[in-house]
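Take a look at the structure below.
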Amino acid sequence: MSTQIKFGTSGWRAIIAEDFTVANVRRAVTGIARYVASKNPAKPRIIVGRDPRYMGECFVEVAAEILTSFGVQPLLIAQPVPTPVISFEVVRTRADGAINFTASHNPPEYSGIKFSTPDGAPALPEVTGSIEALIPRNGEASGSSGREVRSETIDPKPAYLARLKEVVDFSLIRKSRLKICFDPMWGAARNYSGELLREAGVDVSTVHDSRDVLFGGHAPEPEGDLLNDLRRAMQATGAVIGIATDGDADRFGIVDQDGTFIQPNYVIALLFDYLVETRGWKNGVAKSVATTNMVNALAERHKVTLHETPVGFKYIGELIKQDKIAIGGEESAGLSIRHHVPEKDGILAGLLCCEAVARRGKSLQQQIQDLFGEVGSFFPQRENFRLTPEAKQKFTVKLSTNPTELSGRRVKDVVKKDGLKLVFEDGSWVCYRVSGTEPVVRLYSEARTESDLKKLAAAAKEWIFN
């Protein structure tokens, strides 16, 4: 029986040699090729890239073979390439989309496929649903367009780097004499952030700046103890900020001068405030339903329209395309900005943090404390809880209810944009989301003090298992 291939929030991911096999890659790409050919029967072109994972080169070759058989011209990227770079190139070259072989921040045994539409954005559910319907159920399929098509090799790096030089003030960073440390985590952003900063004359050092298909033996996820090597390098070099990216560089990780990891929630809020201050952009701001309400408070302070979206950057990408927001972000370390790609860009996020430190002359923690002084304090947290399949089914039903209180806290608003979010009268909130692929419930909590966060998170956890 063939594996069911389903594209989730960020594409299709599976373990290499189990479900992520050459045969299943052929099936998945066949579905994409059929979809693209149906949208542009004339001269469709698809960019094909990869992160540095095992078998990536092979999967790119397989994709090229399938695409050409359907009369779709593959534009192949020879070297590992960040997801935001692919997005930028799709828009720049007016391609019909992109296939990106990446499992992002997943452990090294995984691979995956992300599909981007002609606007450079992650495919929306209606697109991936159409693709899934076109994937052959059994066997390896290929087309017979009757038209000879040849693949072409492209290099999207120079154009993307040129764009970042327009977006980020590198001269300011250089003049501040900021010392920076960059950790690409053996991923696709190697020779991107570091190269840009060195070219600008900035003092930058790097760690994990080589290819390792095992990513050091763990997931290429830029957070927690996985950034200890970055912290040590910062201490050794005297760097005042550490920036990191995940396997495909769509997510960011930021470490302050004293080694403190800065929560992505705070990074999004801080950069929103910074862009309003320095660029004067007040057209709007977007955040997922699970992201800090500090963004809400700043939107109110700056008199900026707030957009709260379901989880999944594709929804924020739509707002960027429509120029409705200055910045959009998710607590899972994804953000992008106005006039940039409608896709998460971890490279850009790190560089903008460097710019903010250089311009303001304050550490990120000091800047966050300044914001607390202006809009009040916010303490967010995310936890995952595994459930039995039976418990997951029972809890899914529970999410359809409308609770009026939680452990004595009166519910002010019930939001069902994605999962169940309960907002309380004091401004604290909890949000429950059930994973669509595994028996896990994600619990997001936020309170105005650290002590209250502990109480709220405990009560929210108890509600799951009652």
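Okay, here's what the table says:
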quantity	calculated
Count of residues meeting criterion [polar (S, T, N, Q), more than 14 Å from E343 (Cβ to Cβ) and within 16 Å of the chain's Cα centre (by Cα)] in the range 89-110	1
Condition met for K394 (part of a helix (DSSP H, G or I), surrounded by fewer than 14 Cβ atoms within 10 Å (Cβ to Cβ) and free of Cβ contacts under 8 Å to residues at least 24 places away in the same chain)	yes
Index of the failed condition, A333 passing every other in (1) surrounded by fewer than 21 Cβ atoms within 10 Å (Cβ to Cβ); (2) in contact with a Phe, Trp or Tyr (Cβ under 6 Å, 6 or more places away or on another chain); (3) more than 16 Å from L275 (Cα to Cα)	(1)
Some residue of the range 440-455 being in contact with a Lys or Arg (Cβ under 9 Å, 6 or more places away or on another chain), free of Cβ contacts under 8 Å to residues at least 40 places away in the same chain and not acidic (D, E)	no
Only one of G224, G194 that is under 30 Å from I316 (Cα atoms), at pLDDT below 95 and either hydroxyl-bearing (S, T, Y) or surrounded by fewer than 24 Cβ atoms within 10 Å (Cβ to Cβ) (or both)	G224
Per-region count, the range 375-391, residues of a type outside the set (F, W, Y), in contact (Cβ under 8 Å) with a residue 12 or more places away in the chain and either exposed (fewer than 13 other Cβ atoms within 10 Å of the Cβ) or not in a strand (DSSP E or B) (or both)	9
Of all residues making up the range 364-406, the number that are of a type in the set (D, E) and touching a helix residue (DSSP H, G or I) at 6+ places or on another chain (Cβ under 9 Å)	3
Test result for A269, under 18 Å from the mean Cα position of the chain (by Cα), in the same structural domain as F313 (by TED's automatic domain parsing) and buried (at least 19 other Cβ atoms within 10 Å of the Cβ)	yes
The range 67-104, residues that are farther than 25 Å from R27 by Cβ and out of contact with any Ser or Thr (no Cβ under 8 Å at 6 or more places or on another chain)	Q79, V85, F88, E89, V91, R92, T93, R94
Complete set of residues in the range 435-455 that are under 19 Å from K398 (Cα atoms) and either in a helix (DSSP H, G or I) or of a type in the set (A, V, I, L, M, F, W, C) (or both)	V440, V441, L443
Only listed residue being farther than 16 Å from D155 by Cβ, assigned to a strand (DSSP E or B) and of a type outside the set (F, W, Y), chosen from A14, A28, A23	A14
Top-ranked residue in the range 145-187 [being basic (K, R) and more than 21 Å from G56 (Cβ to Cβ); ranked as surrounded by the fewest Cβ atoms within 10 Å (Cβ to Cβ)]	R150
Filter result for the condition that a residue is of a type in the set (F, W, Y) and buried (at least 20 other Cβ atoms within 10 Å of the Cβ), over F372, F313	F313
Selected residue [outside the structural domain of V434 (by TED's automatic domain parsing), farther than 18 Å from A121 by Cα, touching a helix residue (DSSP H, G or I) at 6+ places or on another chain (Cβ under 8 Å) and part of a strand (DSSP E or B)] from G242, G259	G242
Flag if L348 is in contact with a Leu (Cβ under 9 Å, 6 or more places away or on another chain), crowded, with 20+ Cβ neighbours inside 10 Å and over 28 Å from L124 (Cβ atoms)	no
Some residue of the range 206-219 being in contact (Cβ under 8 Å) with a residue 40 or more places away in the chain, surrounded by 14 or more Cβ atoms within 10 Å (Cβ to Cβ), more than 30 Å from N24 (Cβ to Cβ) and of a type in the set (V, I, T)	no
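The values are calculated or read from the model by the stated rules, or taken from the named source; none is laboratory data. Treat the numbers as computed from the prediction; the structure is a model and nothing was measured. Here Cβ is always computed from backbone atoms with ideal geometry, including for glycine, and neighbour counts include all displayed protein chains.
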